[in-house]
Amino acid sequence: MINSICTTTIKTINQTHDSSGSLIVFGVMEFHYRSKEGPTADEIPYRSKGAPAVIINELGEATLGTAIGFIDLQTDDRGTYKEKIATFVIRQFAPSSANPSERFNPKVQKPETPDFAKELVEVDDSVADENKDQADEIPF
């Protein structure tokens, strides 16, 4: 088994459960690689079970993330012809932000000053005004 790490976009999500009740998700994912023609996008079926399946299922379709896993070849016997179908088995999945601007510009609300603190701020302003006259007389 050769592990692979790739940045993927989850295109479709289908879900089922196994006999022990673990969540299994499967579908199609898109990954990019470099070929003679330049950067190329390709799609491959995937499946995942357990914790990575829960993450993928919660985030939904069009999720960008890093998938760690391996390629499993399944043989489909069609009489005289055997077709091998490659499926990427995801063992770990680390989601990336769908919108890069959300990572760099989080929406943070400015905290509101409580009433008791507003009184202290007003007192500090009046003290600063009184000390301003004295600060003008400092010889340096």
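Mind checking region 1-105 for trypsin sites (Lys or Arg not before Pro) that DSSP puts in a loop (not H, G, I, E or B) and that have at most 11 other Cβ atoms within 10 Å?
On the way: sites: Lys11, Arg34, Lys36, Arg47, Lys49, Arg78, Lys82, Lys84, Arg91, Arg103; in loops: Lys11, Lys36.
Counting only loop positions with at most 11 other Cβ atoms within 10 Å, the trypsin sites (Lys or Arg not before Pro) in region 1-105 are Lys36.
5 Å is the cut-off here: which amide hydrogens, built 1.01 Å from N in the peptide plane, fall below it relative to Val28, excluding neighbours closer than 5 in sequence?
Lys11, Thr12, Tyr46
Calculate, for Arg34 and Gln74, the FRET efficiency according to 1/(1 + (r/R0)^6) with r their C-beta to C-beta distance and R0 22 Å; round to the nearest 0.05. Write out the running numbers ahead of the final one.
Numbers: r = 27 Å, r/R0 = 1.23.
After rounding, the FRET efficiency stands at 0.20.
FYI, it's all coordinate maths here, none of it is from the lab. All values derive from a computational prediction rather than experimental measurement. A quick note on method: Cβ atoms are made from the backbone with ideal geometry, for glycine too, and the neighbour counts reach across all protein chains shown.
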